[in-house]
1. Excluding ligands, DNA and RNA, what is the solvent-accessible area per residue of the chain at a probe of 1.4 Å, expressed in Å²?
2. Roughly what angle does helix 170-190 make with the longest principal axis of the chain, taking Cα atoms, 0 to 90 degrees, to the nearest 10?
3. Starting with the highest mean, order 68-77, 130-139 by the number of other Cβ atoms within 10 Å, averaged over the residues of each peptide.
4. Return the calculated 222 nm mean residue ellipticity for the chain, to the nearest 500 deg cm²/dmol, obtained by summing -39500 (n - 2.57) across DSSP H runs with n ≥ 4 and dividing by the residue count.
5. Give the cross-link partners of Lys23 among the aspartates and glutamates, using a straight C-alpha distance below 12 Å as the criterion and excluding same-chain residues fewer than 8 apart.
6. Run the simple label-point estimate for Thr66 and Ala193 please: 7 Å along Cα→C-beta, distance reported in nm.
7. Taking all protein chains in place and a 1.4 Å probe, what share, in percent, of the accessible surface of the chain do carbon and sulfur account for?
8. Output needed for the chain: three equivalent-ellipsoid semi-axes, defined as square roots of 5 times the C-alpha gyration tensor eigenvalues, in descending order, whole Å.
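The values are calculated or read from the model by the stated rules, or taken from the named source; none is laboratory data. Since this is a predicted model, take the numbers as computed values, not measurements. Ideal geometry is used to build each Cβ from the backbone, glycine not excepted, and the neighbour counts take in all protein chains shown. Areas reflect the complete protein model, heavy atoms only, side chains present, ligands, DNA and RNA absent. Shrake-Rupley method; radii C 1.70, N 1.55, O 1.52, S 1.80 Å.
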Amino acid sequence: MTSLEPPIFDNYRDWLDHQKMPKGKKAALIAAMRLFSESGFDGTSTVQVAKEAGISQATIFKYFHTKQDLLMAIVQPVLEHFFPTYRDEFFGGIAKRKTLTEIVHFIVTDRYHFIKSNEQAVKIIAVEMMTNAEMRQTFAKVVASEDFNFLHELVQFFYDTGELRDDIDAAGLIRVIAGQMVVYIIQGNYVPALLHGEQEDLEMITNQIVRTLKK
């Protein structure tokens with residue numbers, strides 16, 4: 001991170017405010033994030049992004065060689081701070097919890113609030129992960145950072161409780177937790193009538209994950 005960045009990334013828009021970059025580039029990122037989240041990556045043209053941002057299409061391609069580059073400039077910082085870059089505060093919070101239920105509840109609640117603060121970007125990630133190979137590759141690289149084995153450290157907290165099923169590995173753990181969170185976000189965007197209320201829903205998600213992971 002640069003010295004201009006806040007120490008903890010909570011919100012992509014706040015992060016952008018601390019970045020030293022041309023106004024046109026920032027405007028393109030903000031406009032693209034809104035349009036990609038509303039209409040989808042494939043359903044949004046760079047002409048539409050330029051109009052929304054109040055800049056020319058040539059300005060977009062001055063800073064981003066392709067529309068895909070524009071997409072990755074939005075989602076990569078969010079992915080990086082969703083996982084390893086956020087690790088000190090995140091793992092510090094987990095370390096204070098001793099049971100599997102407490103750990104799951106902390107992760108669900110903590111990451112849900114991060115998701116809500118970055119809802120547009122996370123919505124883009126959730127949708128594009130299904131069809132965009134580069135997105136999946138970026139996700140895999142971030143999770144398996146060479147300088148810090150995020151998954152190994154995370155799963156160790158669960159093993160230390162003595163409550164985790166023996167057949168659940170790190171990849172399975174992420175699938176169970178992330179799967180519940182992603183489905184909840186999609187429901188909130190497309191079928192909000194299925195939701196009961198934030199606190200009740202997070203408790204329900206926690207219980208569902210615990211039932212899957214616990215011996």
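1. Numbers: 11290 Å² over 215 residues.
The answer is 53 Å² per residue.
2. With both axes taken from Cα atoms, the answer is about 60 degrees.
3. Per-residue mean Cβ counts within 10 Å order the peptides as 68-77, 130-139.
4. On the way: 12 runs with 150 residues, N = 215.
Per the formula, -22000 deg cm²/dmol.
5. Candidates past the 8-residue exclusion: nothing left.
6. 4.1 nm
7. Working: 5970 of 11290 Å².
Whole-percent figure for carbon plus sulfur exposure: 53.
8. The answer is 33, 19, 15 Å, longest axis first.
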